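Down below is the structure, laid out as structure tokens.
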Amino acid sequence: MKDLLRLRTSLTEEIERVLNEQIKMEAEASAMYLAMSSWCDRNGFDFSAGYFKKQSDEEREHMLRLFKYVSDMGGRAVSPNIANIQVEYDSFKSIFELALQQEIAVTQSFNRMADKCQKEKDYVTFSFLQWFLKEQIEEEYVARRALELFEVIGEDGTGHYEIDKRVPKITYENTYEA
Ligand code: FEO
């Protein structure tokens, strides 16, 4: 019976489980960024609202990339149930703090997954995860630079207005890869 299951999918139960957990994490991130976009809109931070909307779209892309992989490998990709997404935030700055924490947590999750793939000798999934690990360099970079704007520009006077304008202009330049 076990061998027959192997014919259906080349993913082990454990790898399929962690991939589905990651699908859920990306969906939660997408929902969280959308909630942040809404908060920014309501509080007059139009540029940041656009920035978080874009981030939300990207997280959904990540989710779908994982979803397709699990399906392509013959596994059971699970459409995640998302609930209890925070709607209100303490301050403009706190949103960027949460965003950075989220990205760090995602990087750690992918690192744990890569580790698990090596232990289970699933080098196909290990190779698939490389795209996400590289993507996290950019995701963390942008989140960190955005938060640093609060220190560099300051929050007094027109500070928030200036920060809001600059957030979408942060770009990551990858200079060490072809
Ligand atoms: Fe899908 Fe921002 O990590």
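Each value in this text was obtained by applying a stated rule to the coordinates, not by laboratory testing. Here the structure is a predicted model, which means the values were calculated and not measured. Here the Cβ positions follow ideal geometry from the backbone for every residue, glycine too, while neighbour counts run over all protein chains shown.
Here are the numbers:
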{"quantity": "Spacing of the two label points (7 Å from each Cα toward its C-beta) at N111 and N84, in nm", "calculated": "2.6"}
{"quantity": "Length gained when the stretch K134-I104 is fully extended (0.36 nm per residue, less Cα-Cα span)", "calculated": "9.5 nm"}
{"quantity": "For the chain, alpha-carbon Rg over 2.2 N^0.38 Å", "calculated": "1.18"}
{"quantity": "Choice from D57, D156, D115 showing the highest fluctuation, given a GNM over the chain with Cα pairs closer than 10 Å", "calculated": "D156"}
{"quantity": "Normalised contact order of the chain, rounded percent, pairs of Cα under 8 Å and 6 or more residues apart", "calculated": "25"}
{"quantity": "The stretch 104-178: trypsin sites (Lys or Arg not before Pro) in DSSP loop, at most 14 other beta carbons within 10 Å", "calculated": "K121"}
{"quantity": "Linear extension gain, D57 paired with E14, 0.36 nm per residue minus alpha-carbon span", "calculated": "12.7 nm"}
{"quantity": "Residue-by-residue Karplus 3J(HN,Hα) for the stretch 13-19, coefficients 6.51, -1.76, 1.60, Hz, glycine and proline x", "calculated": "4, 5, 5, 4, 5, 6, 5"}
{"quantity": "³J(HN,Hα), Karplus 6.51/-1.76/1.60, whole Hz, each residue of the stretch 51-65, x for Gly, Pro", "calculated": "4, 6, 5, 5, 4, 4, 4, 5, 5, 5, 4, 4, 4, 5, 5"}
{"quantity": "Nonlocal Lys pairs with alpha-carbon distance under 27 Å, the stretch 60-143 (8 or more apart, or different chains)", "calculated": "8"}
{"quantity": "Chain lengthening between S91 and E177 when straightened (0.36 nm per residue, less Cα-Cα)", "calculated": "27.3 nm"}
{"quantity": "Karplus-derived 3J(HN,Hα), 6.51/-1.76/1.60, for each residue of the stretch 27-44, Hz, glycine and proline x", "calculated": "5, 5, 5, 4, 5, 5, 5, 5, 5, 5, 4, 5, 4, 4, 4, 5, 9, x"}
{"quantity": "Low-density loop positions, GluC sites (Glu not before Pro), the stretch 1-108 - DSSP coil, at most 10 other Cβ in 10 Å", "calculated": "E88"}
